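Undergrad: Quick one: the structure is below, and I'll ask about it shortly.
The values are calculated or read from the model by the stated rules, or taken from the named source; none is laboratory data. Keep in mind it's a predicted model, so treat the numbers as computed, not measured. Because the Cβ atoms are built from the backbone with ideal geometry, glycine has one as well, and the counts that use them run over all protein chains shown. Side chains included, ligands, DNA and RNA excluded: accessible areas come from the protein's heavy atoms. Shrake-Rupley method; radii C 1.70, N 1.55, O 1.52, S 1.80 Å.
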Amino acid sequence: MGLTSCGSDSKQEDPQPVVSATPSELSMARTMTYPAASSRNNGLSYTQQTLSGAAVLEEKRFYLNFVAPEGVDRVNFEVPRTALSPGLTGTYPVLSRSNSGGVVPALYVYYRVNVATSLSGSLYYSAQNQAQGQLTITAYDATRKLISGTYEMQLTNIHDPLEGPLPSSTALRCDVNLTGSFKDLKVE
């Protein structure tokens, strides 16, 4: 009596559709406005190629970060998980020293040196300064984990970021305005 083989036990799987990664679209613009006595006003806009962004949903917070790796500007937003709407969409006001209605602590960093081996910059926390603004999440695709929206933040009467981390008592003061948008940013 001989043994016969029925072939392989492996089952062919149905082909799965290829899901292409949607590239995110990012923008950021920053202006510094100085008192009328100064001609130092400046602005800078970053293009898609010079920006990176990150969105991380953690147990206690939703963290958004936008940085120009080869530029001089970075902005972070931290929305407390308890303040998030169920679908994440909504407008979340920036926390400020004078704005008790704000819920989002924000951080602006102006880099003087921003290379892999050395960082030097000025940090401005919204909660420690006169700040206003908002983070607006206009869309969240929970299936693909992609988020879209806009942000804006104004810091008023801060020490000049160009002066260094320990500005002199005579350093100029300025207003910094940051605006930006993000579309299809991957949420980790």
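Undergrad: Please find, among Thr50, Thr143, Thr138, Thr89, the residue that is open to solvent by 30 Å² or more (accessible area, probe 1.4 Å) and in contact with an Asp or Glu (Cβ under 9 Å, 6 or more places away or on another chain).
TA: Exactly one of Thr50, Thr143, Thr138, Thr89 is open to solvent by 30 Å² or more (accessible area, probe 1.4 Å) and in contact with an Asp or Glu (Cβ under 9 Å, 6 or more places away or on another chain), namely Thr50.
Undergrad: Can you tell me which of Arg97, Arg30 is under 21 Å from the mean Cα position of the chain (by Cα), modelled with pLDDT of 75 or more, more than 25 Å from Glu188 (Cα to Cα) and assigned to a loop (DSSP other than H, G, I, E, B)? Quick ask: steps written out before the conclusion?
TA: Details: Arg30 fails: assigned to a loop (DSSP other than H, G, I, E, B).
Of the residues listed, the single one that is under 21 Å from the mean Cα position of the chain (by Cα), modelled with pLDDT of 75 or more, more than 25 Å from Glu188 (Cα to Cα) and assigned to a loop (DSSP other than H, G, I, E, B) is Arg97.
Undergrad: Only one residue in Thr170, Thr143 is of a type outside the set (A, V, I, L, M, F, W, C) and either part of a strand (DSSP E or B) or at pLDDT 95 or above (or both), so which one is that? Walk me through it before giving the result.
TA: Working: Thr170 fails: either part of a strand (DSSP E or B) or at pLDDT 95 or above (or both).
Of Thr170, Thr143, the one residue that is of a type outside the set (A, V, I, L, M, F, W, C) and either part of a strand (DSSP E or B) or at pLDDT 95 or above (or both) is Thr143.
Undergrad: Every residue in the stretch 119-135 that is open to solvent by less than 80 Å² (accessible area, probe 1.4 Å) and within 18 Å of Val72 (Cβ to Cβ), please. Give the steps one after another, and end with the answer.
TA: Taking the stretch 119-135 and keeping what is open to solvent by less than 80 Å² (accessible area, probe 1.4 Å), we get 120-122, 124, 126-127, 129-131, 133-135.
Selection gives Ser120, Gly121, Ser122, Tyr124.
Undergrad: Against the condition over 17 Å from Arg74 (Cβ atoms), without any contact (Cβ under 8 Å) to a residue 24 or more places away in the chain and either surrounded by 14 or more Cβ atoms within 10 Å (Cβ to Cβ) or out of contact with any Lys or Arg (no Cβ under 8 Å at 6 or more places or on another chain) (or both), how does Ser148 come out, does it pass? Steps first, please.
TA: On the way: over 17 Å from Arg74 (Cβ atoms): yes; without any contact (Cβ under 8 Å) to a residue 24 or more places away in the chain: no; either surrounded by 14 or more Cβ atoms within 10 Å (Cβ to Cβ) or out of contact with any Lys or Arg (no Cβ under 8 Å at 6 or more places or on another chain) (or both): yes.
Here the answer is no, as Ser148 does not meet what is asked.
Undergrad: Then there's this: Which condition from (1) among the acidic types (Asp, Glu); (2) modelled with pLDDT under 95; (3) surrounded by fewer than 16 Cβ atoms within 10 Å (Cβ to Cβ) is the one that Asp175 breaks?
TA: Failing condition for Asp175: (3).
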